[in-house]
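Let me begin by presenting the structure, written as structure tokens, before commenting on it.
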Amino acid sequence: MIEKRAHTLLFVFALVLYAPSLANGLTTWDDPDYTTQSPFVKEGLSGAARAFTTAYHGAYIPLSHAVLALTGARDPANPLPYHLVQWVLFALAVALMPRALGAFGVDRTIAFFATALWLAHPFRVESVSWVANLKDTISLLCLVGSMAAYASNRRWLSAFVFVVGLLGKASLAPLAPLFLLLEWRRSTPTAAIGSSLRWLVPGMLAGVLAVLVHRLSLPTERLQLSWATPLSTPFWYLGRTLLPVGSRAIYDWSPPTGPMLAAVIGGWVVTAAVVTIGLRANAPRLFRALAIGAVLFLLPLLPFTGVVPQLHVVAERYTLYPALVLAVGVATVLVAFGRVGFGLLVALTLALAVPNVLRQREWKDAVTLWTSNVELAPGSTVVHINLAGALGGAGRFDEAMKELQTVRSLEASYPGLDCFIAMARAGKERLDPTFAVTELGELCALKPSARWPVAARIVARRDASSLVVLEELAFGADRAKAAAGAAALALEKQQFERAFSLATQARLWDPSLERAIVTQVIALVKLKRLDDARALTATPVKDARVAARLVGLRGVVLHEQGQFAEAEQLLRQSADQLRSLGEAP
């Protein structure tokens with residue numbers, strides 16, 4: 001009975017198990033980039049078409065963006081349509097899984113229990129509850145559909161569906177050789193190679209394109225690779241899949257060293273020996289099964305071992321296909337024990353379903369997601385940064401500031417930290433949202449060395465915001481430059497009080513910034529505070545150009561006070577000095 005109704009039972013189980021995801025919202029973990037801020041979603045139907053002509057966020061996955069664009073066309077900020085689409089697509093993929101596994105000769109009963117075990121695993125949650133990861137769900141459905149078509153001997157349809165899947169997520173490319181293996185089983189090696197080109201060629205082209213687009217989008221430092229990383233990540237995935245305790249969105253990664261690295265090398269020696277023995281013509285059945293399992297486990301991990309540089313080296317979602325290989329292995333072993341094995345499989349599936357549902361609840365919104373991650377990884381600066389952003393987005397700026405101060409205590413030099421603190425401060429003080437989000441965001445996107453001129457322009461046109469920009473964005477010497485630049489711009493706009501205040505602040509931060517004295521004096525003259533201006537012109541300075549201009553400004557002050565003869569002499573002296581320095585009077 002299970003074999004006859006396997007597709008329906010699995011479809012219903014998937015819908016029921018992942019129904020809690022329908023109540024979730026959008027998170028800050030890439031969701032805005034794929035929904036509300038996506039250029040494709042904003043354009044609706046035309047955006048769906050344009051997705052096929054444009055790479056976005058370091059990847060060419062047009063089908064995924066097209067589906068998102070059509071789903072969010074009416075209301076990009078409404079999470080329910082996105083979750084509904086992902087929920088149904090995943091359930092359809094699960095329903096087709098036993099037929100797809102049949103292409104590899106997997107027994108129907110084993111395929112049923114393996115699929116149930118696999119979909120209940122808490123690591124599957126990211127493929128259903130995370131809107132930005134729709135690409136996983138689409139590519140999964142296409143791969144499973146392609147395998148199911150192959151099992152029905154519809155090979156050209158299988159190849160077509162596989163190519164469609166590559167447009168959903170190019171990381172399917174390493175799985176193209178699976179079809180070569182399937183063809184090999186039914187024909188001679190030479191014929192198998194020729195007939196499998198319909199999968200191999202698109203897979204190779206998609207893989208090369210994906211690597212090129214991805215590498216061009218990454219900063220140079222991300223392209224550097226430790227040789228120990230690709231050696232050790234497969235064992236990390238194996239261990240985390242078998243013991244999925246403390247599931248989270250982000251994992252910190254450091255290549256293993258010392259005894260751990262020696263253990264990894266030993267693991268590869270054992271794996272190589274098992275595969276070598278298992279692939280021989282007369283290999284024992286156990287070794288053959290282990291060898292095939294090892295190859296099938298490693299193949300889909302190729303893009304995620306560190307060989308292709310990733311922003312985050314390891315992630316739970318990368319176990320989507322390797323975990324299925326393990327599930328088939330576990331189901332194969334337990335089914336051999338009859339009813340006892342069936343009972344153990346059901347118990348194990350239900351045991352995994354509990355943390356699965358709890359994991360779905362963690363994806364309810366950005367705050368719950370990152371709060372759970374902070375509890376599991378309190379020493380991760382990236383997690384605290386993301387929680388701060390989520391809290392800020394929810395208007396909880398005091399809590400956001402607290403998280404950012406935690407980051408400062410963990411890693412004071414964290415890139416952009418001062419910018420994030422400035423944004424939280426701007427939100428807390430209820431400053432203009434355009435300033436708090438748009439202008440500060442623009443400022444934070446710049447390299448520190450390029451910030452002060454932009455900060456100067458922002459400060460020159462705003463009042464309350466200047467305190468945040470200059471005090472929270474700890475530019476060091478550039479902080480004073482920004483204040484001096486803003487003072488000069490305020491002077492041009494005839495905002496003389498503001499110009500004097502900013503120039504004074506610049507000198508307090510950096511007394512060596514002598515050009516700010518010139519701005520102070522000009523502002524005081526315009527404000528008719530002549531005695532104060534005259535006193536400032538007597539300030540000792542080291543810069544000959546500033547000194548010459550102060551002489552001229554002293555002449556201007558004396559002229560305003562009616563001392564015309566002395567004023568004319570000082571103005572002439574200033575002009576001569578400036579000319580000798582190559583400057584216009």
Practice prompt. From (1) of a type in the set (Phe, Trp, Tyr); (2) more than 20 Å from residue 108 (Cα to Cα); (3) without any contact (Cβ under 8 Å) to a residue 12 or more places away in the chain, pick out the condition that doesn't hold for residue 318.
Written response: (3)
Worksheet item: In the stretch 517-540, what residues are under 11 Å from residue 561 (Cα atoms), in a helix (DSSP H, G or I) and among the basic types (Lys, Arg)?
Response: 534
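Inspect the stretch 279-292 for any residue being basic (Lys, Arg), assigned to a helix (DSSP H, G or I) and closer than 23 Å to residue 104 by Cβ and give the result as yes or no.
Keep residues of the stretch 279-292 that are basic (Lys, Arg), which gives 280, 285, 288.
Next, from what is left, pick out any that are assigned to a helix (DSSP H, G or I): 285, 288.
Next cut, closer than 23 Å to residue 104 by Cβ only: 285, 288.
Yes, the conditions are met somewhere in the stretch 279-292.
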Fill in: Out of 267, 278, sole residue that is under 27 Å from residue 122 (Cα atoms), surrounded by 14 or more Cβ atoms within 10 Å (Cβ to Cβ) and touching a Phe, Trp or Tyr at 6+ places or on another chain (Cβ under 9 Å)
267
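For every residue, the table says whether it meets (1) at pLDDT 90 or above; (2) surrounded by fewer than 15 Cβ atoms within 10 Å (Cβ to Cβ); (3) not in a helix (DSSP H, G or I).
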site	(1), (2), (3)
191	yes, yes, no
200	yes, no, no
203	yes, no, no
212	no, yes, no
216	no, yes, no
221	no, yes, no
Worksheet item: Going by the conditions given, is residue 164 of a type outside the set (Lys, Arg), in contact (Cβ under 8 Å) with a residue 60 or more places away in the chain, farther than 30 Å from residue 248 by Cβ and assigned to a helix (DSSP H, G or I)?
Response: yes
Fill in: Residue satisfying condition, being in the same structural domain as residue 581 (by TED's automatic domain parsing) and part of a helix (DSSP H, G or I), within set 547, 503
547
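Matching residues to (1) in a helix (DSSP H, G or I); (2) more than 24 Å from the chain's Cα centre (by Cα):
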position	(1), (2)
12	yes, yes
20	yes, yes
37	no, no
40	yes, no
47	yes, no
51	yes, no
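Could you pull out the residue among 583, 514, 566, 497 that is surrounded by fewer than 20 Cβ atoms within 10 Å (Cβ to Cβ) and in the same structural domain as residue 455 (by TED's automatic domain parsing)?
Working: 583 fails: in the same structural domain as residue 455 (by TED's automatic domain parsing); 514 fails: surrounded by fewer than 20 Cβ atoms within 10 Å (Cβ to Cβ); 566 fails: in the same structural domain as residue 455 (by TED's automatic domain parsing).
Answer to the selection: 497.
Conditions (1) under 30 Å from residue 212 (Cα atoms); (2) modelled with pLDDT of 95 or more, marked per residue:
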| site | (1), (2) |
| --- | --- |
| 315 | yes, no |
| 330 | no, yes |
| 336 | no, no |
| 351 | no, yes |
| 388 | no, no |
| 394 | no, no |
| 413 | no, no |
Worksheet item: Restricting the stretch 76-123 to residues that are of a type in the set (Phe, Trp, Tyr) and at pLDDT 95 or above, which is surrounded by the most Cβ atoms within 10 Å (Cβ to Cβ)?
Response: 113
Discussion item. Given the options 360, 405, name the one that is buried (at least 18 other Cβ atoms within 10 Å of the Cβ) and among the polar types (S, T, N, Q).
Written reply: 360
Worksheet item: Is it the case that some residue within the stretch 344-362 is within 18 Å of the chain's Cα centre (by Cα) and either touching a residue at least 24 places away in the same chain (Cβ under 8 Å) or not in a loop (DSSP other than H, G, I, E, B) (or both)?
Response: no
Discussion item. Quick check on my filter: what residues within the stretch 36-60 are buried (at least 17 other Cβ atoms within 10 Å of the Cβ) and of a type in the set (Val, Ile, Thr)?
Written reply: 41
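The values are calculated or read from the model by the stated rules, or taken from the named source; none is laboratory data. Source: prediction; values computed, not measured. Note that each Cβ is placed from the backbone with ideal geometry, even for glycine, and that neighbours are counted across all protein chains shown.
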